[in-house]
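Chemist: Here's a structure for you.
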Amino acid sequence: MPYSKVFITRRLPTQLHRLEEVANVEVWPERQAPPYEVLLEKAKEIDGLLCLLTDQIDQQLIEVSKSLKVISQMAVGFDNIDILTATARRIPVGNTPGVLTDATADLTWALLMAAARRVVEADRFVRSHLWQTWEPDLLLGPDIAGATLGIVGFGRIGQAVARRAKGFNMRIIYTSKHKCKPELEQSLGVEFANFVSLLQTSDFVTIHTPLSAETYHLFGEAEFALMKQSAILINTARGAIVDPDALYQALRTGEIAGAAIDVTEPEPIPTDSPLLTVDNLIIIPHIGSASRPTREKMANMAIDNLIAGLRGERLPNCVNPEVYDVVDDK
Ligand code: DGY
């Protein structure tokens, strides 16, 4: 155990003492993620890996790492990790759910309000010296109170967004793989809707589903065609859930009124992306969980998972608990 080797793919916003007591820790010192080849070399010699959503933890990388006992991701999403291969190798994968729910829901709310009330456009307007007087029809947007909010994906973050929407007197509908219990629906003031009717009736659509083969480009040409022309799309989940070309066309042609996105495909967004030319889009750089206390909690949870994995204990937050079933069955 004292000889465990750990690689952390970026500097973390917390102290590492607890981890250093049980392992030799190497931290990648750069601002950019380690190149894949570097990660591959490190993987050959480590017992524990603490990674971020920017690291590609694929089949090859997991298979070269003969001594790897645990992969701990500092994020709730884990679409960058080949879970099937990790599970086949009985390597538990940890993530950091829960602690970032409110921060992400807050940012979703900030984007929804900024897009509705055209805050970013208005700021650009003033800085371009275009503000001449108070005008009855200057930078008008829709009302939030009384509007219908459609929530796609109703896990922790989707529900936290619903709680905020309730305070704004919105009608709230959601779609999800599973309809939730009537008591929860009642306490949040939400109604279940199928995806198509949610798209057709919502004034605001917000995405809170994980990225998977099923949700890849869930929003494309056909979905934008179903949405109201006055609708605004918010995405704080994963960029690849939305087809960027279809989003560009929908915004450019006025098929939807606007969008506000914290995530893009790819990340970072290429500097020549046509999306950067449309005024009715707000783009920010994947900062959903970026409050100081939240990031510190995420880092600490990732360390807890890592230490448990090195000790051969069950991870406090494990995305592939089947690894334990396999062991228990023996
Ligand atoms: C996550 O945790 O998956 C977010 O995208 C980053 O905090």
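The values are calculated or read from the model by the stated rules, or taken from the named source; none is laboratory data. Treat the numbers as computed from the prediction; the structure is a model and nothing was measured. Please note: Cβ atoms are built from the backbone with ideal geometry, for glycine as well, and neighbour counts cover all protein chains shown. Heads up: the accessible areas ignore ligands, DNA and RNA and are worked out on the full protein's heavy atoms, side chains in. Shrake-Rupley method; radii C 1.70, N 1.55, O 1.52, S 1.80 Å.
Chemist: With +1 on the Cβ of every Lys and Arg and -1 on the Cβ of every Asp and Glu, and nothing else charged, how large is the dipole of the chain about its Cα centre, in debye rounded to the nearest 20?
Modeler: 820 debye
Chemist: Let me ask something additional. So what J values fall out for region 300-309 if you push phi through Karplus, 6.51 cos²θ - 1.76 cosθ + 1.60 with θ = phi - 60°, rounded to Hz, Gly and Pro as x?
Modeler: 5, 5, 5, 5, 4, 4, 5, 5, 4, x
Chemist: Something else about it: Taking Cα centroids, how far is region 138-180 from region 1-41 in Å?
Modeler: 39 Å
Chemist: Next question. Run the numbers on region 147-241 and let me know its relative contact order in percent, using alpha-carbon pairs under 8 Å that are six or more apart.
Modeler: 33 percent
Chemist: Another question, if that's okay. For region 125-199, report the accessible area per residue in Å² (1.4 Å probe, heavy atoms, rounded to an integer).
Modeler: Normalised by residue count, the accessible surface of region 125-199 is 62 Å².
Chemist: Right, another one. Within region 250-320, list the GluC sites (Glu not before Pro) lying in a DSSP loop whose Cβ has at most 14 other Cβ atoms in a 10 Å radius.
Modeler: Glu313
Chemist: Which value, in debye to the nearest 20, describes the size of the charge dipole of region 101-283 about its Cα centre when Lys and Arg Cβ atoms bear +1, Asp and Glu Cβ atoms bear -1, and nothing else is charged?
Modeler: 560 debye
Chemist: With +1 on each Lys and Arg Cβ and -1 on each Asp and Glu Cβ, how big is the dipole of region 167-226 about its Cα centre, in debye rounded to the nearest 20?
Modeler: Charge dipole of region 167-226: 160 debye, to the nearest 20.
Chemist: Please name whichever of Leu275, Leu310, Ser291 sits farthest to the positive end of the charge dipole of region 268-330, dipole taken about the Cα centre and charges placed at Cβ: Lys and Arg +1, Asp and Glu -1.
Modeler: Going by the Cα projections, it comes out as Ser291.
Chemist: Pull up the cross-link candidates among the aspartates and glutamates for Lys44, meaning alpha carbon to alpha carbon under 15 Å and not fewer than 8 places away within one chain.
Modeler: In chain and number order, the partners are Glu26, Asp58, Glu63.
Chemist: So which lysines can Lys228 reach, going by Cα to Cα under 26 Å and dropping same-chain residues fewer than 8 places off?
Modeler: By straight Cα distance, Lys228 reaches Lys166, Lys177, Lys179.
Chemist: If you don't mind, another one. Restricting to DSSP loop positions (anything but H, G, I, E, B) with no more than 14 other Cβ atoms inside 10 Å of their own Cβ, which trypsin sites (Lys or Arg not before Pro) remain in region 1-85?
Modeler: Hits after loop and neighbour filter: Arg11, Arg31, Lys44, Lys66.
Chemist: Now for a separate question. How much of the accessible area of region 1-136, probe 1.4 Å, is carbon plus sulfur, in whole percent?
Modeler: The C+S portion of the solvent-accessible surface of region 1-136 is 55 percent.
Chemist: Next up: Express the carbon and sulfur contribution to the solvent-accessible surface of region 190-330 as a percent, rounded to the nearest whole number, probe 1.4 angstrom.
Modeler: Here carbon and sulfur together make up 51 percent of the probe-accessible area.
Chemist: What does the convex hull of the alpha-carbon atoms of the chain project to on average, in nm²?
Modeler: Mean projected area for the chain: 19.2 nm², to one decimal.
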